[in-house]
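Novice: This is the structure I have questions about; it appears just below.
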Amino acid sequence: MNAAATTAGAVEIEVKELDRSGTDRWDRFVQTAADATFFHRAGWKPVVEQSLGHRCYFLYAERAGTIVGVLPLVHVKSLLFGNSLVSTGFTVGGGPIAADAGALAALDARALSLADRLDVDYLEYRGGRTQHPDWSQKKELYVGFKKPIDPDPEKNMLAIPRKQRAMVRKGIKAGLVSTLDSDVDRLHRVYAVSVRNLGTPVFGKAFFRALAETFGADLDIVTCTLNGTAVSSVMNFYFRDQVLPYFGGGTDAARECAGNDFMYWEVMRRAAERGYRLFDFGRSKTGTGAFAFKKNWGFVPEPLSYEYKLRKLAQVPEVNPLNPKYRLFIAAWKRLPMPIANLIGPLVARDLA
């Protein structure tokens, strides 16, 4: 276990690197910390390291034997996308959470030292509120969507704006059925088609298996079928009172029967019945189809702050589909046959942190 020390008043703060022995303590802190998310959980470390092959540095600040802050970092070094240290890579959040300014300063100092040692292009803190106004910022690109849900499914249905509610009812009338899958096979098959159609490489099936095995009962997969054939599927994360549908999509057939609309309704309905009270529709890029889709459900976009400490770059990196330099790549990827996309996609996706 590595450690570095700083002081906050008369009490010393140590910053340590998470190992297996500290996982339970880490997660207990995350479970109660005000700004924590599912993406701060310790399980992301073995998932990323074992299924994607990137070294993780999960740092925690400790004062008098008590954890007072955490910062999960992933080191991604890629010929295509550069050399970065990201919290939490391959998710939409995971920036530092700290009980006080001293703990945050200690985590920052260790992260900056690590960035220097690894000689990265930049250090990136994702999601949450702005904590480093002197760092480079990305505030307009990403927004989050969250909304309370009611124990009564009829109230949740009526809370959906009329046009979107009609799409959900269309899926119901079409005869769609939702089930909970016990493995990732149908999810991966459907999700691979969905992201290929968007021009995006798919993660390998091993990544989804690792997530399911690591997070257990705090994760499920809702798959929707029409006449026995899967048309949409989504992996959902559960954290405190929240449900977060995360990796999801639909096949070409889903458009005809409102498969995606029905799918998200079923996630909401099932979560409300289990006692969850907040539906987190996740992150979207401003001005995209996903952004419009979530607004149509009656969710209000909330800006997400991304902070960057640039070391070798003159400006904030734009590793996202809206960057014009990826336009030809995206157009070509959309035309790939599925077997080829599924073969080479994981090799690219593993570096798209």
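Novice: Starting from region 47-72, keep only residues that are closer than 26 Å to Ala99 by Cβ, then list their pairs with residues that are part of a strand (DSSP E or B) and of a type in the set (Asp, Glu) whose Cβ atoms are within a distance under 7 Å, requiring at least 6 positions of separation or different chains.
Specialist: Partner pairs satisfying both residue conditions: Tyr57/Glu17; Phe58/Glu17; Leu59/Glu17; Glu62/Glu14; Val68/Glu62.
Novice: Any idea which of (1) at negative phi; (2) of a type outside the set (Val, Ile, Thr); (3) at pLDDT 95 or above; (4) within 24 Å of the chain's Cα centre (by Cα) is the one Lys139 doesn't satisfy?
Specialist: Unmet condition: (3).
Novice: For region 13-23, indicate whether the set of residues that are out of contact with any Asp or Glu (no Cβ under 7 Å at 6 or more places or on another chain), of a type in the set (Ser, Thr, Tyr), modelled with pLDDT under 95 and not in a helix (DSSP H, G or I) is non-empty.
Specialist: no
Novice: With respect to Asp252, is the statement that it is surrounded by 22 or more Cβ atoms within 10 Å (Cβ to Cβ), of a type in the set (Asp, Glu) and over 21 Å from Ser51 (Cβ atoms) true? Let's see the steps before the verdict.
Specialist: Details: surrounded by 22 or more Cβ atoms within 10 Å (Cβ to Cβ): no; of a type in the set (Asp, Glu): yes; over 21 Å from Ser51 (Cβ atoms): yes.
The answer is no for Asp252.
Novice: Could you please give the count of residues in region 314-329 that are surrounded by 14 or more Cβ atoms within 10 Å (Cβ to Cβ) and either under 22 Å from Gly95 (Cβ atoms) or among the β-branched types (Val, Ile, Thr) (or both)?
Specialist: Within region 314-329, residues that are surrounded by 14 or more Cβ atoms within 10 Å (Cβ to Cβ) and either under 22 Å from Gly95 (Cβ atoms) or among the β-branched types (Val, Ile, Thr) (or both) number 3.
Novice: Need the failing condition index for Pro303 against (1) closer than 29 Å to Phe29 by Cα; (2) out of contact with any strand residue (DSSP E or B) (no Cβ under 8 Å at 6 or more places or on another chain), just the number.
Specialist: The failed condition is (2).
Novice: Take the conditions on the phi < 0 side of the Ramachandran plot and modelled with pLDDT of 95 or more and apply them to Gly204. Does it pass? Don't jump to the end; show me each part of the working.
Specialist: Details: on the phi < 0 side of the Ramachandran plot: yes; modelled with pLDDT of 95 or more: yes.
Yes: the conditions hold for Gly204.
Novice: While we're on this one: Just to verify a result, which residue in region 32-66, among those that are among the hydroxyl-bearing types (Ser, Thr, Tyr) and either assigned by TED's automatic domain parsing to the domain that holds Arg209 or outside any helix (DSSP H, G or I) (or both), is surrounded by the most Cβ atoms within 10 Å (Cβ to Cβ)? Outline the logic, then answer.
Specialist: So in region 32-66, the residues among the hydroxyl-bearing types (Ser, Thr, Tyr) come out as 32, 37, 51, 57, 60, 66.
Among the residues that remain, those that are also either assigned by TED's automatic domain parsing to the domain that holds Arg209 or outside any helix (DSSP H, G or I) (or both) are: 37, 57, 60, 66.
On the way: Thr37: 24, Tyr57: 19, Tyr60: 26, Thr66: 10.
Restricting to residues being among the hydroxyl-bearing types (Ser, Thr, Tyr) and either assigned by TED's automatic domain parsing to the domain that holds Arg209 or outside any helix (DSSP H, G or I) (or both), the top hit is Tyr60.
Novice: Okay, next question. Scan region 108-122 and give yes if some residue there is assigned by TED's automatic domain parsing to the domain that holds Ser78 and modelled with pLDDT under 95, otherwise no. Walk me through it before giving the result.
Specialist: Taking region 108-122 and keeping what is assigned by TED's automatic domain parsing to the domain that holds Ser78, we get 108-122.
Going one step further and asking which of them are modelled with pLDDT under 95, we end up with none.
Checked region 108-122: no residue is assigned by TED's automatic domain parsing to the domain that holds Ser78 and modelled with pLDDT under 95.
Novice: Continuing with this model, one more query. Need pairs with beta-carbon distance below 7 Å; first residue farther than 30 Å from Arg162 by Cβ and within region 290-319, second in a helix (DSSP H, G or I); sequence gap 6+ or separate chains.
Specialist: Final answer for the pair search is Lys309/Leu112; Lys309/Ala115; Arg311/Ala115.
Novice: Taking Tyr238 as the residue in question, decide whether it is outside the structural domain of Gln50 (by TED's automatic domain parsing), touching a Phe, Trp or Tyr at 6+ places or on another chain (Cβ under 8 Å) and outside any strand (DSSP E or B). Give the derivation first.
Specialist: Values: outside the structural domain of Gln50 (by TED's automatic domain parsing): yes; touching a Phe, Trp or Tyr at 6+ places or on another chain (Cβ under 8 Å): yes; outside any strand (DSSP E or B): no.
Considered against the rule, which asks whether it is outside the structural domain of Gln50 (by TED's automatic domain parsing), touching a Phe, Trp or Tyr at 6+ places or on another chain (Cβ under 8 Å) and outside any strand (DSSP E or B), Tyr238 comes out as no.
Novice: Does Gly204 meet the test of being in contact with a Pro (Cβ under 6 Å, 6 or more places away or on another chain), farther than 22 Å from Phe299 by Cβ and surrounded by 15 or more Cβ atoms within 10 Å (Cβ to Cβ)? Before the answer, list the steps.
Specialist: Values: in contact with a Pro (Cβ under 6 Å, 6 or more places away or on another chain): yes; farther than 22 Å from Phe299 by Cβ: yes; surrounded by 15 or more Cβ atoms within 10 Å (Cβ to Cβ): yes.
So Gly204 passes the test.
Novice: Being without any contact (Cβ under 8 Å) to a residue 60 or more places away in the chain and within 26 Å of Val48 (Cβ to Cβ) is the filter here; which residues of region 326-338 pass it?
Specialist: Tyr326
Novice: Mind checking which residues of region 213-232 are over 14 Å from Arg270 (Cα atoms) and surrounded by 19 or more Cβ atoms within 10 Å (Cβ to Cβ)?
Specialist: Passing the criteria: Phe215, Leu226, Ala230, Val231, Ser232.
Novice: Residues Ile149, Ile172, Ile160: which one is farther than 23 Å from Gly250 by Cα and either outside the structural domain of Phe38 (by TED's automatic domain parsing) or in contact with a helix residue (DSSP H, G or I) (Cβ under 8 Å, 6 or more places away or on another chain) (or both)?
Specialist: On the way: Ile172 fails: farther than 23 Å from Gly250 by Cα; Ile160 fails: farther than 23 Å from Gly250 by Cα.
Of Ile149, Ile172, Ile160, the one residue that is farther than 23 Å from Gly250 by Cα and either outside the structural domain of Phe38 (by TED's automatic domain parsing) or in contact with a helix residue (DSSP H, G or I) (Cβ under 8 Å, 6 or more places away or on another chain) (or both) is Ile149.
The values are calculated or read from the model by the stated rules, or taken from the named source; none is laboratory data. Predicted, not measured: the structure shown is a model, and the values here were computed from it. Backbone-built Cβ (ideal geometry, glycine too); neighbour counts: all protein chains shown.
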